[in-house]
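Since the structure comes first, as structure tokens, the remarks are kept for the end.
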Amino acid sequence: MSIFEMTMLVCFGSAWPFSIYKTYKSGKNEGKSICFLFIVLLGYLSGITHKFLYCFDAVIYLYIMNCLMVIIDILLYFRNARHEKADRQEVRS
């Protein structure tokens, strides 16, 4: 287990709850990039795969936790996009 890998995941992971909260409360996707979210998700999935195939240790749980938070942020992004689209159509009517 690498203390540096663990520290990186804790630092990155500490930012996701704030992002999720902001996305949820604002109901808007301003400043969000779905492409960025999917790239980060791919990175976490790659880390999980590496842990399963080559170096299984407890750090995998940090990867999984971060991965789940990114998935939540992605789901909120699509929820907000749907709401924003409905709002735009309502304004046109």
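Could you check how many residues of the stretch 54-93 are part of a helix (DSSP H, G or I), β-branched (Val, Ile, Thr) and farther than 16 Å from residue 22 by Cα?
3
Are any residues in the stretch 42-88 in contact (Cβ under 8 Å) with a residue 12 or more places away in the chain, within 20 Å of residue 29 (Cα to Cα) and small (Gly, Ala, Ser), and if so, which ones?
Answer for the stretch 42-88, where residues must be in contact (Cβ under 8 Å) with a residue 12 or more places away in the chain, within 20 Å of residue 29 (Cα to Cα) and small (Gly, Ala, Ser): just 81.
Condition check ((1) among the β-branched types (Val, Ile, Thr); (2) assigned to a helix (DSSP H, G or I)) across all residues:
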{"position": "22", "(1), (2)": "no, yes"}
{"position": "29", "(1), (2)": "no, no"}
{"position": "39", "(1), (2)": "yes, yes"}
{"position": "44", "(1), (2)": "no, yes"}
{"position": "52", "(1), (2)": "no, yes"}
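Residues of the stretch 1-16 being assigned to a helix (DSSP H, G or I), in contact (Cβ under 8 Å) with a residue 24 or more places away in the chain and out of contact with any helix residue (DSSP H, G or I) (no Cβ under 7 Å at 6 or more places or on another chain), which ones?
Selection gives 5 alone.
Which count do you get for residues in the stretch 11-26 that are within 19 Å of residue 71 (Cβ to Cβ) and surrounded by fewer than 13 Cβ atoms within 10 Å (Cβ to Cβ)?
Of the residues in that region, 6 qualify.
Only the coordinates and a few stated rules stand behind these numbers; no lab work does. Because the structure is a prediction, the values reported are computed rather than measured. Cβ coordinates were reconstructed from backbone atoms using ideal geometry, including for glycine residues, and neighbour counts include every protein chain displayed.
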